[in-house]
Amino acid sequence: MATPRSKANRRGAAPDGAASVDAFLLNLDHPHKDAVEALREVVLGSDPRIAQGIKWNAPSFRTEEYFATTHLRAKIGIGLILHLGAKARENALVEVDDPHGLVAWLAADRAALSFADVGEVRSRAEAVRAIIRQWITYL
């Protein structure tokens with residue numbers, strides 16, 4: 001007897017969870033793979049409620065819904081796109097304390113963090129965790 005598939009799997013979405021990200025990273029051919037892995041650790045270490053999965057063909061992070069996606073096609077290094085889910089939220093206004101100037105605002109509810117390499121991910125880890133902790137309060 002076949003077991004029912006989850007709603008996400010019926011839609012053809014990738015499975016959620018650490019195993020799916022592990023498999024994705026195992027097969028990832030990227031010049032900054034070490035930075036992607038370090039950024040994953042930083043994001044997951046920001047709050048125990050943060051889970052992970054593959055969304056938009058990249059490692060992504062969520063609490064109740066997805067709020068961050070690794071940007072693998074950055075011209076230099078890698079990035080992290082912060083958002084409030086798949087759809088833009090009308091009248092959303094996110095504010096974060098960013099004393100290090102890491103946040104590049106893309107819209108009122110979307111921002112990007114950029115990293116040239118793994119060293120930059122590691123050196124900015126605590127500042128990134130602080131930004132993420134603030135960001136997830138808007139979900």
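Each value in this text was obtained by applying a stated rule to the coordinates, not by laboratory testing. Please read all numbers here as calculations on a predicted model, not as lab measurements. All Cβ positions, even for glycine, are placed from backbone atoms using ideal geometry, and neighbour counts span all protein chains on display.
For the chain, what does -39500 (n - 2.57) per DSSP helix run (n ≥ 4), summed and divided by total residues, give at 222 nm, in deg cm²/dmol to the nearest 500?
Helix-only estimate at 222 nm: -8500 deg cm²/dmol.
With everything on Cα atoms, drop me the angle between helix 125-135 and the longest principal axis of the chain, reported from 0 to 90° to the nearest 10.
Between helix and principal axis, roughly 70 degrees.
What does the C-alpha gyration tensor say about the overall shape of region 32-74? Classify as rounded when a/c is under 1.5, otherwise prolate if a/b is larger than b/c, or oblate.
Oblate, because a/c is 1.5 or more while a/b does not exceed b/c.
Counting only other residues whose beta carbon sits under 15 Å from that of residue 37, what net charge do I get with K and R as +1, D and E as -1?
Surrounding charge for residue 37 is -3.
Per-residue HN-Hα couplings for region 95-105, Karplus 6.51 cos²θ - 1.76 cosθ + 1.60 at θ = phi - 60°, whole Hz, x for Gly and Pro?
Result, ordered by residue: 10, 9, 6, 9, x, 8, x, 7, 8, 10, 6 Hz.
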